[in-house]
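Where a number appears in this text, it was derived from the coordinates with a stated rule and is not lab data. Quantities reported herein were computed from a predicted structural model and do not represent experimental measurements. So basically every Cβ, Gly included, is an ideal-geometry build from the backbone, and we count neighbours across all protein chains shown.
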Amino acid sequence: MLGAIIGDIIGSRFEFSAPPRKDFKLFTEDAECGFTDDTICTVAIADAILKNIPYQESLLNWCRKYPNPIGGYGVGFNDWINEKNPQPYNSFGNGSAMRVSAIGWLFNDYHDILQQAKLSAECTHNHPEGIKGAQCVATLIYWLRTCRITKDEVEHAVKKNFGYEIPPLKDIYKIGSEGHFDGICQETVPWAIRCFLESQNFEDAIRIAVLADGDTDTKADITGAIAEAFYEIPDTMIEKTFSYLPKDMLAVIDQFFERFSTDNR
Ligand SMILES: [Mg+2]
């Protein structure tokens, strides 16, 4: 979950601006660098589990509390937040996959994880691809953190269980360099998995994802979510990330780690 938030903040300033250079700074002090909708929704999903309330209720609470994040919300999601009686809108945007990470940590059974990921997605992203994107990311986190599969087995396991073909990095970079914006689960999820597979450590994974351009914050969010389940995150990156977050989000992160350590004692 923290990996997702770190990726979101690092990717934030490149989502709608010039492509990143190879030696880009991870964090900057300007107004474009900060948490976006990815972090708000990630915190909302974690908070729903911690408080035992419906995912929809928590998403609405958090997103209404933070109505104008950097980069804004997607159009369909923004309408959903502001509806009196919000209904799912058959989305397969990458929003279901970018917010799901806490489920991969706070549930310890494969079937529970599939079920919870589905529930977290379908209040908005009830298209089969929207649900699948969330299920794949949560499952991959669970598999990697519990060493059920090795990094070498990821590509085969993802294809077998979720049907995603993971394209080579050079193809992803080529499409990104042409200005393509990967806003849907079917692109961002397999692309983020490739960014993780090519990486040597956590920071490297985030850098590879941001350099792929397109939807940089969400690609780095999903890559970071997966990478966190496999690598140690450097303390300096965690400390810097915390400096961008408001107290209410930090409190949820605290409770998340407390719950995880109690459940896995
Ligand atoms: Mg975003």
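Calculate one ³J(HN,Hα) per residue across region 237-254 by plugging θ = phi - 60° into the Karplus curve 6.51 cos²θ - 1.76 cosθ + 1.60, and present them in order as whole Hz with x for glycine and proline. Per residue, the Karplus-derived 3J(HN,Hα) values read 5, 5, 4, 5, 4, 4, 5, 8, 9, x, 4, 5, 6, 4, 5, 5, 4, 4 Hz. Relative to one another, the C-alpha centroids of region 74-125 and region 150-186 are positioned 21 Å apart.
Sum -39500 (n - 2.57) across every DSSP H segment of at least 4 residues in the chain, then divide by the residue count to get the 222 nm mean residue ellipticity, nearest 500. Before the final figure, lay out the partial values.
Numbers: 15 runs with 165 residues, N = 265.
Result for the chain, helices only: -19000 deg cm²/dmol.
Note that region 51-60 has calculated 3J(HN,Hα) couplings of 8, 6, 10, x, 4, 4, 4, 5, 4, 5 Hz, one per residue in order, obtained from phi through the Karplus relation 6.51 cos²θ - 1.76 cosθ + 1.60 (θ = phi - 60°); glycine and proline are x. The GluC sites (Glu not before Pro) of region 167-265 that DSSP puts in a loop, and whose beta carbon has at most 11 other beta carbons within 10 Å, are Glu178, Glu232. Put simply, the amide H of Gly93, placed in the peptide plane, has neighbours under 5 Å in Cys185, leaving out anything fewer than 5 places away on its chain. The trypsin sites (Lys or Arg not before Pro) of region 1-45 that DSSP puts in a loop, and whose beta carbon has at most 11 other beta carbons within 10 Å, are Arg21, Lys22, Lys25. Short-range pairs are left out: with C-alpha atoms under 8 Å and at least six residues apart, the relative contact order of the chain is 28 percent.
Rounded to the nearest 20 debye, what is the charge dipole size of region 191-265 about its Cα centre when +1 sits on each Lys and Arg Cβ and -1 on each Asp and Glu Cβ?
I would put it at about 80 debye.
Here the Karplus curve 6.51 cos²θ - 1.76 cosθ + 1.60, taken at θ = phi - 60°, turns the phi angles of region 196-211 into couplings of 5, 4, 7, 8, 9, 7, 4, 4, 4, 4, 5, 4, 4, 5, 5, 5 Hz, with x standing for Gly and Pro. Applying both filters, DSSP loop and at most 13 other Cβ atoms within 10 Å, to the trypsin sites (Lys or Arg not before Pro) of region 43-84 gives Lys84.
Distance from the alpha carbon centroid of region 209-235 to that of region 6-60 works out to 11 angstrom. Take the Cα of Glu153, step 7 Å toward its Cβ, do the same at Asp112, and the gap between the two points is 2.1 nm. What FRET efficiency comes out for Asn201 versus Gln87 if R0 is 30 angstrom and r is the Cβ-Cβ distance? Round to the nearest 0.05. Efficiency, rounded to the nearest 0.05: 0.10.
Given R0 = 35 Å, the distance between the Cβ atoms of Phe16 and Ser261 translates into a calculated FRET efficiency of 0.40. log10 I(q)/I(0), Debye, Cα-only the chain, no solvent, q = 0.08, 0.12, 0.16 Å⁻¹? The Debye formula, applied to the Cα set alone, gives -0.26, -0.62, -1.19. With contacts taken as Cα pairs under 8 Å at a separation of at least 6 residues, region 39-97 carries a relative contact order of 24 percent.
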